[in-house]
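The values are calculated or read from the model by the stated rules, or taken from the named source; none is laboratory data. In this text the structure is predicted, and so the values were computed from the model without any measurement. Backbone-built Cβ (ideal geometry, glycine too); neighbour counts: all protein chains shown. When the accessible area is computed, the model is the full protein with side chains, heavy atoms only, and any ligands, DNA or RNA have been set aside. Shrake-Rupley method; radii C 1.70, N 1.55, O 1.52, S 1.80 Å.
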Amino acid sequence: MDAAYLEARCRLVDAALDRFLPKAKTRPATIHEAMRYSLFAGGKRLRPVLCLASTEACGGSVEAALPPAAAVECIHTYSLIHDDLPCMDDDDLRRGRPTCHVKYGEGIAVLAGDALLTLAFEILAQTAPSRRHGVAGYVSELAVASGSRHLIGGQVLDLEGEGSDILLSPAQLRYIHESKTAALLTTSIRLGAMTANATPAKLAALSTYGRSLGLAFQIIDDILDVTSTPEKLGKSVGKDEATAKSTYPALYGLEKSRKEAAKLTKQAHDALKPFAKKAERLHEIADYLLDRDY
Ligand code: GRG
């Protein structure tokens, strides 16, 4: 992956987020500070970068895709803040910093998550419609991916599986990964394409890419929980094993999990055939995610 491209994209996304977010001093300052604290803590910006690369693959303008790119990062950050709360995963470290509730208290952390969730839709509503896709379509796309059938639904199943000493079946595990991880990644990609007036056929191909990429991404995330360090990842590690959580490494072992991630990444590449050279960045991102060590 071209590091200069990634850095430039992250800078563009960060500048857009800074513009879209209320200033830290806007009253009541605590909530705006807390939102900014978690949002600007150094995430990989994977979802917005995918959104912009997908726009490029469809021949659209990166500028026009900045609102959806910022919106998906707000949703993602909200989900991390809430996932780290004591009533969920109870984590102290995220993106290399104390988690939002450790820094600001639980009440403010809940509200900072809520505020980022609602702000995401405020930002998304500012996206210009394309010929085939209107603002209602954008809003519906993000609402469905973030709602009880996908992002939140996956978290519910994860919560219900906690404390159980029975490993989930492969189909159940895949369903959780699809809901919790792949759905928002796919929607980030689809929104970028929608702003570029993508045809239904292109959207279908990008959905296949997103689903395969999202599943591979989650498997690698689970592998890194076993093999990496908090210094590298900026979050706690080893928790899955300690809590006997059902993950790919727990079900299949590390080697088989790596093979599955590689197979899914190949499927992601294959889905991009209709885009030929235009999908170069999407291909690079898929390889970069498979090979990452953080
Ligand atoms: C709505 C509370 C709530 C949760 C939804 C998304 C989610 C479920 C929980 C967040 C924690 C988690 C393990 C999510 C799975 C997806 C994933 C691996 C997130 C980490 O994403 P990265 O690596 O993070 O892109 P950065 O910090 O780089 O943005």
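Observations, loosely collected:
- Note on the stretch 110-195: Cα convex hull, mean projected area over all directions, 6.6 nm².
- Packing-based ranking, highest mean first, of 107-113, 57-63, 184-190 given that Cβ atoms within 10 Å are counted: 184-190, 107-113, 57-63
- For the stretch 3-291, size of Cβ-based charge dipole, Lys and Arg +1, Asp and Glu -1, in debye: 1160 debye
- Shape of the stretch 166-294, Cα gyration tensor, a/c cut at 1.5: prolate
- Ordering of 264-272, 250-258 by burial proxy (mean other Cβ atoms within 10 Å per residue, highest first): 264-272, 250-258
- The fraction of accessible area contributed by carbon and sulfur in the chain is 56 percent, rounded to a whole number (1.4 Å probe; ligands and nucleic acids excluded).
- Cleavage-rule hits, trypsin sites (Lys or Arg not before Pro), the stretch 1-88, DSSP coil, Cβ neighbours within 10 Å at most 12: LYS23, LYS25
- Here the relative contact order of the chain, from alpha carbon pairs under 8 Å that lie six or more residues apart, stands at 21 percent.
- Scaling against 2.2 N^0.38 Å puts the C-alpha radius of gyration of the stretch 5-162 at 1.05.
- Sorting the segments 72-81, 148-157 by their mean number of nearby beta carbons within 10 angstrom, highest to lowest, gives 72-81, 148-157.
- What the Cα convex hull of the chain gives, in volume per residue, is 118 Å³.
- MET1 accessible area, 1.4 Å probe, all protein chains in place, Å² to nearest 10: 80 Å²
- Computed about its Cα centre, the charge dipole of the stretch 168-241 is approximately 360 debye, with only Lys, Arg, Asp and Glu carrying charge at their Cβ.
- Largest GNM mean-square fluctuation among SER169, SER236, SER38, using the chain with Cα springs under 10 Å: SER169.
- Subtracting the Cα-Cα distance of TYR5 and LYS273 from 0.36 nm times their residue separation leaves 94.3 nm of extension gain.
- Added length on full extension, which subtracts the Cα-Cα distance from 0.36 nm per residue, ALA125 to ASP18: 36.8 nm
- Listed residue pairs exceeding 24 Å between alpha carbons, taken from LYS23/LYS44; LYS44/LYS239; LYS202/LYS277; LYS256/LYS277; LYS23/LYS235: LYS256/LYS277; LYS23/LYS235
- Computed on the stretch 38-111, the Cα convex hull volume stands at 82 Å³ per residue.
- Heavy-atom accessible surface of the stretch 12-101, averaged per residue, reaches 36 Å², computed with a 1.4 Å probe.
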